[in-house]
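Taking it in order: structure first as structure tokens, then the write-up.
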Amino acid sequence: MTPDSLRAALRGVPDPDWLDTALRRVPVEPTEITRLFPAAGRRCGRAALPDAPGWTADDAARVLLLTSLPGDHAAYAERLYQHGDAAERRAVLRALPLLPIGDAGVPLLHDAIRTNDTRLVAAALGPYAQHLAPAAWRQAVLKCVFSGVPLAVVADLDARADGELAAMLAALAAERHAAGRELPADATDLLDRLTAALPREA
């Protein structure tokens with residue numbers, strides 16, 4: 001999603017004047033974002049956005065507030081994440097690919113992936129996860145399998161999945177099978193695709 005598409009999807013928020021005022025204020029008074037960011041859920045609502053599948057109004061509003069900052073995006077993202085509740089943290093994670101911060105947000109991904117909050121794990125594996133090192137990314141994919149996060153949320157999954165991830169999934173599948181359990185269907189499908197793509201031994 002782009003800021004423009006999120007803005008369009010927010011046409012029906014309960015208090016559009018509040019959002020318009022907030023988005024005009026943050027560029028000229030950046031520190032105001034620390035007050036406005038938490039208020040977005042109350043003022044814009046938390047309903048799902050029909051024109052932005054997978055997004056809620058508070059998510060989108062908070063992402064727009066972060067992208068409207070004139071600078072110091074990484075510092076504000078970290079501050080809002082560290083002091084935010086789960087919904088606010090998720091919005092920060094979803095904003096990361098839209099901010100000009102390079103890999104400065106990677107520590108936030110690591111923190112989110114360590115949690116047991118599946119919403120944060122899912123948000124951490126969006127497009128910004130391209131900045132994760134391969135080993136950390138593979139572990140994050142396994143965390144999804146363990147915690148029941150659908151692999152459909154993992155950005156660039158098929159492009160980044162490799163033989164090492166296949167070996168990790170195969171080991172997990174063997175453990176589960178020995179315990180009378182199976183991998184989730186999406187993990188089994190991924191393992192099948194990866195196994196089929198591996199070169200066969202002579």
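The values are calculated or read from the model by the stated rules, or taken from the named source; none is laboratory data. Predicted model, so just to flag it, every value in this text is computed and none were measured. With ideal geometry, Cβ positions are generated from the backbone for all residues, glycine too; neighbour counts draw on all protein chains shown. Note: areas computed on protein heavy atoms with side chains; ligands, DNA, RNA excluded. Shrake-Rupley method; radii C 1.70, N 1.55, O 1.52, S 1.80 Å.
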Exercise. Hey, among the residues in the range 107-133 that are more than 11 Å from the chain's Cα centre (by Cα) and in a helix (DSSP H, G or I), which one's nearest to A159 (Cα to Cα)?
Worked result: Q130
Exercise. Say we look at the range 144-160 and pick out the residues that are open to solvent by 60 Å² or more (accessible area, probe 1.4 Å) and of a type in the set (A, V, I, L, M); which of these is nearest to the chain's Cα centre (by Cα)?
Worked result: A152
Exercise. Any idea which residue in the range 47-71 is surrounded by the fewest Cβ atoms within 10 Å (Cβ to Cβ), counting only those that are modelled with pLDDT of 95 or more and of a type in the set (D, E, K, R)?
Worked result: D58
Seminar exercise, completed: Over the range 161-181, the set of residues open to solvent by 60 Å² or more (accessible area, probe 1.4 Å), among the hydrophobic types (A, V, I, L, M, F, W, C) and not in a helix (DSSP H, G or I) is A179
For this session: Please indicate, with yes or no, whether at least one residue in the range 34-45 is open to solvent by 20 Å² or more (accessible area, probe 1.4 Å), within 14 Å of G84 (Cβ to Cβ) and touching an Asp or Glu at 6+ places or on another chain (Cβ under 8 Å).
Result: yes
Exercise. In the range 144-154, is there at least one residue being in a helix (DSSP H, G or I), β-branched (V, I, T) and in contact with a His (Cβ under 7 Å, 6 or more places away or on another chain)?
Worked result: no
Exercise. Do you know which residues across the range 11-29 are modelled with pLDDT of 95 or more, within 24 Å of A86 (Cβ to Cβ) and not small (G, A, S)?
Worked result: W18, L19, L23, V26
Problem set entry | Pairs where the first residue, in the range 1-15, is over 15 Å from R62 (Cβ atoms) and the second is surrounded by 13 or more Cβ atoms within 10 Å (Cβ to Cβ), C-beta under 6 Å, 6+ apart | P14/G45
For this session: Quick one: which residue in A112, A57, A75, A86 is under 15 Å from L36 (Cβ atoms) and among the small types (G, A, S)?
Result: A57
For this session: Would you point out the residue of the range 1-33, among those that are among the β-branched types (V, I, T) and under 20 Å from A77 (Cβ atoms), that is most open to solvent (accessible area, probe 1.4 Å)?
Result: V28
Problem set entry | Residues (of a type in the set (D, E), under 23 Å from the mean Cα position of the chain (by Cα) and under 25 Å from T115 (Cβ atoms)) located in the range 165-202 | D186
Problem set entry | Candidates A91, A123, filtered to the one that is touching an Asp or Glu at 6+ places or on another chain (Cβ under 8 Å), at pLDDT 95 or above and either open to solvent by 20 Å² or more (accessible area, probe 1.4 Å) or not polar (S, T, N, Q) (or both) | A91
Problem set entry | Some residue of the range 97-115 being under 19 Å from Y81 (Cβ atoms), acidic (D, E) and touching a Phe, Trp or Tyr at 6+ places or on another chain (Cβ under 8 Å) | yes
